[in-house]
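The values are calculated or read from the model by the stated rules, or taken from the named source; none is laboratory data. In this text, all values refer to a predicted model and were calculated from it rather than measured experimentally. All Cβ positions, even for glycine, are placed from backbone atoms using ideal geometry, and neighbour counts span all protein chains on display.
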C-alpha cells in the first residue's frame, strides 16, 4: 500500500521576499510593496519587514504573493516536491508560468507560486 502524501499549504519561511496583495493593509499604502519575511506565527502569518522602510506588520499568507527574482538570484522552493530547498533561478518561462531552479546541480521546473525570491535574514 502506498504511503499517503502529506499536503502542506503553508509556505511562509523567514528569508522570503514577498509582495503585499491586500489593498486594506495599512489603508492601501502597502499594496504591491515588497517585504522580507522575518518571522512566521501559527504557520500562516508572516511578520513582514517592508523593504526600504521601518514598517513591520503581521500579514496572513493569503494576502501575500511570491516574488520571482532575476535570473541568477537565490530562490526557495516553498511548495510541492523539493519544498524547503534553496537554489538559483536559471530560467523563467513566462508563457506557462514556470521557473527552472538549479538545486544541488539538478534542474527542477516549478510553477511560479511554488518558488519565491530568497534572502538570508
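Give me the residue from the range 51-62 that is assigned to a loop (DSSP other than H, G, I, E, B) and closer than 17 Å to residue 27 by Cα and, out of that set, modelled with the highest pLDDT.
55
Does the range 30-50 hold any residues that are surrounded by 13 or more Cβ atoms within 10 Å (Cβ to Cβ) and assigned to a loop (DSSP other than H, G, I, E, B), and which are they?
30, 31, 33, 44
Could you identify the single residue in 67, 59, 94 that is under 13 Å from the mean Cα position of the chain (by Cα) and at negative phi?
67
Out of 107, 21, report the one residue that is touching a helix residue (DSSP H, G or I) at 6+ places or on another chain (Cβ under 9 Å) and in contact (Cβ under 8 Å) with a residue 12 or more places away in the chain.
Exactly one residue qualifies, and that residue is 21.
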